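The values are calculated or read from the model by the stated rules, or taken from the named source; none is laboratory data. Keep in mind that what you see is a predicted model, and the values were worked out from it rather than measured. We place every Cβ from the backbone using ideal geometry, glycine too, and count neighbours over all the protein chains shown. Protein only, heavy atoms only, side chains kept; ligands, DNA and RNA dropped before computing areas. Shrake-Rupley method; radii C 1.70, N 1.55, O 1.52, S 1.80 Å.
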Amino acid sequence: MEYTNTVAASKITMSQLMLPSHSNFSGKIHGGYLLSLMDQIAFACASKYSGCYCVTASVDTVNFLNPVEIGELVTLKASVNYVGQTSMIVGIRVTSQNIQTGKEKHTNSSYFTMVAKDDKGNNVAVPKLILSNLQEVRRFYEGVERVNQKKKLQDQEKILDYSSPQAIENLKNYNVILAL
Ligand SMILES: CCCCCCCCCCCCCCCC(=O)SCCNC(=O)CCNC(=O)[C@H](O)C(C)(C)COP(=O)(O)OP(=O)(O)OC[C@H]1O[C@@H](n2cnc3c(N)ncnc32)[C@H](O)[C@@H]1OP(=O)(O)O
């Protein structure tokens with residue numbers, strides 16, 4: 001029988017009350033703490049989907065859209081959006097709610113690439129992803145695009161000769177002073 005799983009089966013929601021011990025010097029919740037929560041839910045989501053221990057291979061841009069206050073309830077939602085052979089892209093959305101007023105704000109979103117491992121630490125194949133609706137199809141194609149963009153960026157980094165006369169000349173378009 002084919003080794004499969006659904007997006008729905010990968011879904012996880014996690015909520016946590018923000019305590020004073022999670023705050024930074026300005027009294028807001030520390031961004032690093034939120035990143036750690038995002039890594040935890042990415043791990044849980046990928047492990048739940050694949051049935052394996054998983055490691056974080058990469059974290060895409062994480063924008064901090066709104067500060068989180070002490071006493072707010074932070075909720076993270078995650079699902080597997082894309083699978084390769086051994087990797088999975090987990091989409092994560094973070095919101096924060098003032099419990100007294102009920103007012104909710106979107107604080108972060110990001111995509112974590114997780115890789116499944118076997119007991120010996122070797123990368124291992126993940127289940128084929130069953131896409132059950134058009135939203136899941138859209139998210140899958142967004143994952144395809146992320147993988148392609150990353151490959152393109154890696155190729156460009158290999159091609160760029162930063163010491164070429166053109167590259168040196170081009171620096172005048174930036175806010176830098178060349179002092180070699
Ligand atoms: C025993 C039970 C205990 C339970 C206890 C629970 C504790 C619960 C605590 C929870 C807390 C959270 C826990 C989080 C888990 C960590 O925090 S893990 C720590 C941080 N991460 C690491 O240490 C990973 C270290 N790196 C590696 O292991 C390997 O380099 C990697 C990332 C798996 C890549 O494997 P590789 O063999 O070098 O490379 P390769 O075969 O080219 O790539 C394999 C796949 O990864 C993809 N990939 C590789 N690099 C990248 C990249 N940079 N970007 C995107 N994709 C990539 C490839 O495209 C490929 O995808 P597929 O085509 O197979 O789908």
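Assorted remarks:
- Qualifying positions in region 39-48 - within 10 Å of the ligand (Cβ to nearest atom) and either under 11 Å from the mean Cα position of the chain (by Cα) or not hydroxyl-bearing (Ser, Thr, Tyr) (or both): 39, 40, 41, 42, 43, 44, 46
- Residues that are of a type outside the set (A, V, I, L, M) and open to solvent by less than 20 Å² (accessible area, probe 1.4 Å) within region 6-30 comprise just one, 10.
- Every condition in (1) of a type in the set (Asp, Glu); (2) within 16 Å of the ligand (Cβ to nearest atom); (3) under 26 Å from residue 134 (Cβ atoms) is met by residue 2 except one, and the failing one is (2).
- Here residue 82 meets each of (1) over 29 Å from residue 30 (Cβ atoms); (2) open to solvent by 50 Å² or more (accessible area, probe 1.4 Å); (3) aromatic (Phe, Trp, Tyr) with one exception, condition (2).
- Of all residues in region 128-144 being more than 22 Å from residue 44 (Cβ to Cβ) and free of Cβ contacts under 8 Å to residues at least 24 places away in the same chain, the one that is least open to solvent (accessible area, probe 1.4 Å): 137
- Matching residues in region 145-160 - criterion: being open to solvent by 100 Å² or more (accessible area, probe 1.4 Å), more than 11 Å from the ligand (Cβ to nearest atom), at pLDDT below 90 and of a type outside the set (A, V, I, L, M): 156, 157, 158
- Residue list for region 17-38, restricted to those being within 16 Å of the ligand (Cβ to nearest atom) and either in a strand (DSSP E or B) or in contact with a Phe, Trp or Tyr (Cβ under 6 Å, 6 or more places away or on another chain) (or both): none
- Among the residues making up region 50-88, those that are among the aliphatic types (A, V, I, L, M) and within 15 Å of the ligand (Cβ to nearest atom) are 55, 57, 59, 62, 76, 78, 80, 83, 88.
- Taking region 87-127 as the range and being surrounded by 11 or more Cβ atoms within 10 Å (Cβ to Cβ) and farther than 30 Å from residue 30 by Cα as the test, the residues that pass are 117, 118, 123, 124, 125, 126, 127.
- Some residue of region 41-56 being within 30 Å of residue 25 (Cβ to Cβ), modelled with pLDDT of 95 or more and surrounded by fewer than 15 Cβ atoms within 10 Å (Cβ to Cβ): no
- Residue that is nearest to the ligand (Cβ to nearest atom), among those in region 89-100 that are closer than 25 Å to residue 7 by Cβ and among the hydrophobic types (A, V, I, L, M, F, W, C): 89
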